[in-house]
Amino acid sequence: MPRSDIERIREKIRLHQYDMSAHAMEEMAEDFLTILDVEAAVLNGQVIRVEKDDPRGTKHIIVGTAIDQPTHVGVIGRFASTGRYLIITVYEVTELEG
């Protein structure tokens, strides 16, 4: 049975086989989030939407909680051709999506 997208993404996060775009780093700083918040959100979150219309690849929108628990974090990313996971952007979720 093939593994789910979220299982594959979590494995990349756990193994530190991911990269963050400059945009993701800027957005993370603007929302006062840390890399640990982003990792926690992916590790405890769920894929709430999959967008397949981008020619660069399928994007996964994940929402989970930051290290502090009350803060919800959105993480958008895709698998890169290198096999690594590319985090395109992150943001603090002010209204729960889904």
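The values are calculated or read from the model by the stated rules, or taken from the named source; none is laboratory data. Computed from a predicted structure; not experimentally measured. Note that we place each Cβ from the backbone using ideal geometry, even for glycine, and neighbour counts take in every protein chain shown.
Results, tabulated for the structure shown:
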quantity	calculated
Residues satisfying the stated conditions in the stretch 13-51, i.e. touching a Lys or Arg at 6+ places or on another chain (Cβ under 8 Å) and over 23 Å from Gln69 (Cβ atoms)	Gln17, Asp19, Val50, Glu51
Those residues of the stretch 73-98 which are within 15 Å of Leu36 (Cβ to Cβ) and surrounded by fewer than 21 Cβ atoms within 10 Å (Cβ to Cβ), in sequence order	Glu92
Yes/no for Asp37 being over 13 Å from Asp5 (Cα atoms) and modelled with pLDDT of 95 or more	yes
Neighbours by Cβ (under 6 Å, 6+ apart or cross-chain): first from the stretch 11-24, of a type outside the set (Val, Ile, Thr); second part of a helix (DSSP H, G or I)	Tyr18/Lys12
